[in-house]
1. Would the stretch 17-139 count as rounded, prolate or oblate if I go by the C-alpha gyration tensor, calling it rounded below 1.5 in a/c and otherwise prolate when a/b exceeds b/c, oblate otherwise?
2. Might you report the magnitude of the Cβ-based charge dipole of the stretch 165-292 about its Cα centre, with Lys and Arg at +1 and Asp and Glu at -1, to the nearest 20 debye?
3. Could you calculate the FRET efficiency of residue 264 with residue 115 from 1/(1 + (r/R0)^6), where r is the beta carbon distance between them and R0 is 56 Å, rounded to 0.05?
4. Determine ³J(HN,Hα), in whole Hz, for all residues of the stretch 26-42 in sequence, where each value follows from phi through the Karplus function 6.51 cos²θ - 1.76 cosθ + 1.60 and θ = phi - 60°; x replaces Gly and Pro.
5. Full-extension gain between residue 126 and residue 90, please, as 0.36 nm times their residue separation minus the C-alpha to C-alpha distance.
6. Quick one: net charge of residue 115's neighbours, Cβ under 11 Å, K/R +1, D/E -1?
7. At a probe size of 1.4 Å, how large is the accessible area of residue 56, to the nearest 10 Å²?
8. Excluding residue 172 itself, what net charge comes from residues whose Cβ is under 9 Å from its Cβ, given Lys and Arg +1 and Asp and Glu -1?
Amino acid sequence: MILNAAAYLMKALALGLTLGVVVHGQPITYRPGSLTVEKEGYLLSEGLNMRVIARITQPVQYDNGGQSSARFHRYPDFGACFPHPDGPEKGYVYVSNSENTVNNGGVGAIYFDQNHNIIEYKMILDGSSKNCGGGATPWGTWISCEESYEGDGIWQVDPWGGRSQLTVLGDRNPAQGNRRAGMWESFTYDDSKVDGGVNRYFFTEDAVAGALRRFTPTSDALNWDVLHGAGTHEYLVLQPDATNPVTGTFRWSTSLDEGSASARANYQYVEGIDCREKHLYFVSKSMRMLFDCDLEKKTYQITSTITSGDIGQPDQIFWMEPDRKLGEEESNNNGVAEYELDRMFNADQMLHLLGPHHDQQGNRTERNLAGNRPIMYFTEDVDTKVGIMGVDMNHNFFTVLEMINPLTPTDETTGIGFSPDKSRMYFCQQYAGICYQVWRDDGYSFVGDYLNIKYHVRVPAT
């Protein structure tokens with residue numbers, strides 16, 4: 001039975017289709033959750049547009065008319081965007097894992113100029129095995145996790161410098177030649193120093209008894225070397241409340257056996273993970289549960305990800321969040337309201353968006369009742385629906401886009417990422433091997449103003 005607290009039951013918002021709200025001279029047409037646009041085999045929320053930018057085994061077409069010498073990689077999975085180290089005027093890169101077979105995986109990278117035109121594609125990691133999940137580091141590198149006992153472990157890759165190296169993350173497995181092989185899934189970090197005054201790094205294992213890991217380096221620096229040196233490896237142990245099992249406390253153990261037993265009992269097959277505002281979030285894909293761990297209080301709560309019985313298995317999660325308070329805004333050269341954003345995170349993959357929206361009368365209101373808390377986005381797969389979902393901090397769910405006819409019953413959307421200015425969303429369809437670019441027709445960024453969200457009806461899990 002999937003647990004679900006009564007407090008998380010949600011009702012649909014009875015909202016009409018209101019268009020044409022004008023703010024700062026720009027008509028707002030984006031309404032998340034109102035799936036009225038059909039394009040490239042997807043239903044998109046009202047006000048969105050998309051194009052295909054890469055297809056499996058084909059050269060990537062550049063916007064200047066050229067094409068790549070390398071062909072787009074097979075089985076694209078986790079992804080993220082990184083700005084050019086010399087500044088946004090130099091463009092950015094979208095990196096994408098290749099979950100191809102043993103010794104045929106790796107990481108591909110599509111490079112863009114500041115106007116979102118494709119200028120280059122190449123592989124930045126080759127010859128690895130089933131690169132599934134990953135995440136970004138505070139210093140701007142990509143962590144790519146091999147989900148295979150025949151692999152080598154977890155890689156750190158520089159999207160701009162061409163450097164790649166195996167990390168010390170993961171447990172050495174004597175049965176696998178003492179390699180750090182495992183069903184490694186995704187990575188995140190906490191540099192708030194709320195727990196022990198040090199930086200922490202977390203990663204997941206997609207297995208029935210895959211304990212969630214925490215790595216604390218001996219060095220507290222924020223650089224490439226800390227994931228290749230000495231440190232302490234620990235495992236998450238949940239302790240459910242006896243009277244309310246969707247809440248509880250947690251601790252970290254140096255015993256892998258203890259961590260594995262807790263995973264088997266409480267959080268099997270974890271994929272997505274992310275950390276924000278002293279909270280660690282992760283998703284048990286098979287159990288369809290979202291865990292929220294308060295790193296300061298050492299408590300957690302669980303939310304079921306089932307809504308109306310039509311959401312599949314929550315997969316990748318991604319967050320974004322502005323540095324400024326709600327309402328403090330600036331305009332870009334086109335006069336479009338933008339919000340200055342903090343760093344980008346990955347889980348399996350989580351995205352939080354924050355900013356004002358407008359009701360049906362055009363009145364400016366906060367995005368959600370939780371105040372300045374953000375919205376979480378995640379890709380999801382399997383079951384009857386495949387696409388990109390959203391959930392606000394009141395646990396209301398909605399659909400951003402949805403595949404019309406999945407290529408196979410196990411097809412999935414993967415690799416959600418956003419350009420540095422947050423005006424372009426990227427994701428892939430894994431088994432079809434297609435990469436997409438999505439944008440708002442009204443010219444706003446994905447953290448700009450928008451019309452009221454159309455939510456799902458939330459029902460109790462049984």
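The values are calculated or read from the model by the stated rules, or taken from the named source; none is laboratory data. The structure presented is a predicted model; accordingly, all values stated were derived computationally and were not measured. For neighbour counting, all protein chains shown are included, and Cβ atoms are generated from backbone atoms with ideal geometry for every residue, glycine included. Side chains included, ligands, DNA and RNA excluded: accessible areas come from the protein's heavy atoms. Shrake-Rupley method; radii C 1.70, N 1.55, O 1.52, S 1.80 Å.
1. Values: a/c = 1.97, a/b = 1.66, b/c = 1.19.
Taking the square roots of the gyration eigenvalues as a ≥ b ≥ c, the stretch 17-139 is prolate.
2. On the way: 13 positive and 17 negative charges, 40 e Å.
About 180 debye.
3. Values: r = 50 Å, r/R0 = 0.89.
About 0.65, to the nearest 0.05.
4. Going residue by residue, I get 10, x, 8, 10, 7, 10, x, x, 9, 7, 10, 10, 10, 7, 6, x, 10 Hz, with x marking Gly and Pro.
5. Numbers: separation 36, 0.36 × 36 = 12.96 nm, distance 2.56 nm.
Between residue 126 and residue 90, full extension yields an extra 10.4 nm.
6. Values: positive: 424; negative: 63, 89, 113, 421.
Net charge around residue 115: -3.
7. In the full protein context, residue 56 sits at about 40 Å².
8. Details: positive: 179, 180; negative: 171.
Net charge in that neighbourhood comes out at +1.
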